[in-house]
C-alpha cells in the first residue's frame, strides 16, 4: 500500500526527470566513441595474440612462409566492375543489381574513417561515417526515400538553385543538432533519368557543390562482401548488398550484409562482421552444412566462420522464412580466402 | 534491433533516468554518452540478450556508482528551482517537491538509486536487485534506510511532514 511519502517521491522524481532531449547528437557521439573503444579492444586482443606468437616462436623452429604478392592497401573504395557501364550510360540499371554501384566517389570526400556502400531496392549509396552521404536513384521519389543517418536539427532551409558542373540542381542546408555547423545537401541530375544527392557537413554551399562535382558516373564498381551464399531458398535471390569498409588504420573490412528474398514478402538477412573481442566462441548444436550454428535469440541464428561472426536474421531483419530455411542458407555460406583484399572477393 | 534503433528510441528515457541518479544535467549527459558508447562497442552481444534496455540501464547504474566512488569530494549538486507557481497551493506543492528532491540528492548513491528505480521506474525489488547485482534483502535495506532518512529530515516538518 502506498504511503503519502511514496506518492510524494513518485511525483517529485517525475517532476525532476526533466524534458526530453534530442537523441541525435548523443547517438552520434556514442557511435564515434564506441568505434574507438572497439578498435582499442581489437588492438589489445591483437597484442595478446602477438605475445602468444612471440612466445611460440621462441620454442618452435621458424619456417619462412611462402612468398605472396603484396596485398594492396585497403581503401574505402569498392573494386572496379570492368566492362559494366556507369549510371550515365545505364540510368535504368541504378539500384537494380545489388552487386553493382554505378558511380564512384574516390576523390569526392576526404577524412572519413569508414564508408558504407549499399545497393539494391532502387538506390545505390555510400555513407562516409559522420562526414557525408551520396545517393543515386532513377527517380526523385526513390532518392527521397533513402534514409539519412547524418544527424541534423530537422529545420532545412528553402532549396535554392545550384549548378553541379553544367547540370541543374538545388541546394539547401540544415543545422547540426549541436548548432555547431551545417549539413549541406545538393540534389542534381547528372544525366537524363538519373538523380543524385550529396549531403556533406561543410562550411558553405560552394564546398558541397564542389564535392558533388567530383562524384563520377561513367564507371561501375562491384558491391562486394567477403562471402557468398551457395544455398538460397527456392525462388530467392540477393535483393540487397551492403558493406562497411574502414581505412587500413581501422582494420579495413568491418561488416558485410546480404539481403535475400523471393520478392513476394519473404526475406532474410545474412551479416558477417569481423569477430568482436569476446565473441570468439559460439556454442551451438544446430547443423548448418559444415558449420555448427546457435539459436541466440528470437529469429536469430549465429555461427563462427573465422575470422567472421555470421548472423542470420529471420525476423526483425527478415520475414517469412523458417529456421530450417535459415540453416540451409548458412550451410551454403562460403567465405573468401583473403578478407583483406576486396578486389579478390 | 540495431544500435541506432535502440539509441534513438531510448536515449530520452535514459537521460531522464540519469538526471535523477546524478542530479546534474551535464553529468547526466556525460554518463549517458559514455554508457551508450560502451554499449555500441559491444552491441553485438547486448542486442542478443532478452532485455537490451535492462542491460544498458545496469551499465548506466554501475557507471554512476563507479563515478560516485571515484569522486574526491562529496559535495552535492543542488539545482535552482526554475518553476514559478501560479497559486498558493501550487507554490506549496512545488516547495514540497523541491525540499524532498534536495533530500533525495543527499542520499548515498545506492540508496538514491533504489529510490529512483522504485519510485520513478516503478520496478519491484527483484528487478532492482538484478540491476544492482545484489539480493532483494539488500534492496529492502537500502530502501528502508533511505525512507528513514527522508522521514527524519528537519525539512519534512517544514513542508507538511512525510
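The values are calculated or read from the model by the stated rules, or taken from the named source; none is laboratory data. These numbers were taken from a predicted model, which means no experiment stands behind them. We place every Cβ from the backbone using ideal geometry, glycine too, and count neighbours over all the protein chains shown.
For region B:14-26, filtered to residues that are more than 8 Å from chain A (Cβ to nearest Cβ) and out of contact with any helix residue (DSSP H, G or I) (no Cβ under 8 Å at 6 or more places or on another chain), the residue that is nearest to residue B:102 (Cα to Cα) is B:24. In region A:299-319 there is at least one residue matching the filter, namely being in contact (Cβ under 8 Å) with a residue 60 or more places away in the chain, assigned to a strand (DSSP E or B) and either within 14 Å of another protein chain (Cβ to nearest Cβ) or within 22 Å of residue B:39 (Cα to Cα) (or both).
Taking strands (runs of 3 or more DSSP E) as the structural unit, those lying wholly within region A:98-193 and holding at least 3 residues that are free of Cβ contacts under 8 Å to residues at least 40 places away in the same chain correspond to A:123-128, A:167-175, A:182-191. Which of (1) free of Cβ contacts under 8 Å to residues at least 24 places away in the same chain; (2) within 12 Å of another protein chain (Cβ to nearest Cβ); (3) more than 18 Å from residue A:98 (Cβ to Cβ) is the odd one out, the single condition residue A:255 does not satisfy? Just one mismatch for residue A:255, condition (3). Scan region A:79-87 and tell me whether some residue there is more than 19 Å from residue A:343 (Cα to Cα) and assigned to a loop (DSSP other than H, G, I, E, B). For region A:79-87, residues more than 19 Å from residue A:343 (Cα to Cα) and assigned to a loop (DSSP other than H, G, I, E, B): present.
Condition check ((1) more than 12 Å from chain A (Cβ to nearest Cβ); (2) at pLDDT 80 or above; (3) more than 23 Å from residue A:35 (Cβ to Cβ)) across all residues:
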residue: B:35; (1), (2), (3): no, yes, no
residue: B:49; (1), (2), (3): no, no, no
residue: B:53; (1), (2), (3): yes, yes, no
residue: B:82; (1), (2), (3): no, no, yes
residue: B:87; (1), (2), (3): yes, no, yes
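Against the list (1) surrounded by fewer than 17 Cβ atoms within 10 Å (Cβ to Cβ); (2) under 20 Å from residue A:97 (Cα atoms), the condition residue A:241 fails is (1).
Looking across region A:24-40, the residues that are without any contact (Cβ under 8 Å) to a residue 12 or more places away in the chain and more than 18 Å from residue B:22 (Cβ to Cβ) come down to A:33, A:34, A:36, A:37, A:40.
Using the structure shown, decide if residue A:314 is within 18 Å of residue A:258 (Cβ to Cβ) and buried (at least 16 other Cβ atoms within 10 Å of the Cβ). Taking the combined requirement at face value, the residue satisfies it. If only residues of region A:7-40 that are surrounded by fewer than 17 Cβ atoms within 10 Å (Cβ to Cβ) and more than 7 Å from chain B (Cβ to nearest Cβ) are counted, the one that is modelled with the lowest pLDDT is A:40.
Selection of region A:145-170 for residues being modelled with pLDDT under 90 and surrounded by fewer than 15 Cβ atoms within 10 Å (Cβ to Cβ) yields A:145, A:147, A:154, A:155. Once region A:273-287 is narrowed to residues that are assigned to a strand (DSSP E or B) and either closer than 27 Å to residue A:245 by Cβ or under 19 Å from the mean Cα position of the chain (by Cα) (or both), the residue that is nearest to the other protein chains (Cβ to nearest Cβ) is A:273. Given the criteria outside any loop (DSSP other than H, G, I, E, B), at the interface with chain A (Cβ under 10 Å from one of its Cβ atoms), modelled with pLDDT of 80 or more and under 30 Å from residue B:3 (Cα atoms), does residue B:131 qualify? Here the answer is no, as residue B:131 does not meet what is asked. Evaluating residue A:270 against the criteria (1) crowded, with 19+ Cβ neighbours inside 10 Å; (2) within 22 Å of the chain's Cα centre (by Cα); (3) outside any loop (DSSP other than H, G, I, E, B); (4) within 14 Å of chain B (Cβ to nearest Cβ) leaves one unmet condition, (4). Based on what the data block shows, is residue A:291 closer than 30 Å to residue A:79 by Cβ and either in contact with a strand residue (DSSP E or B) (Cβ under 6 Å, 6 or more places away or on another chain) or touching a residue at least 12 places away in the same chain (Cβ under 8 Å) (or both)? Yes; evaluated as a whole, the condition is true for this residue.
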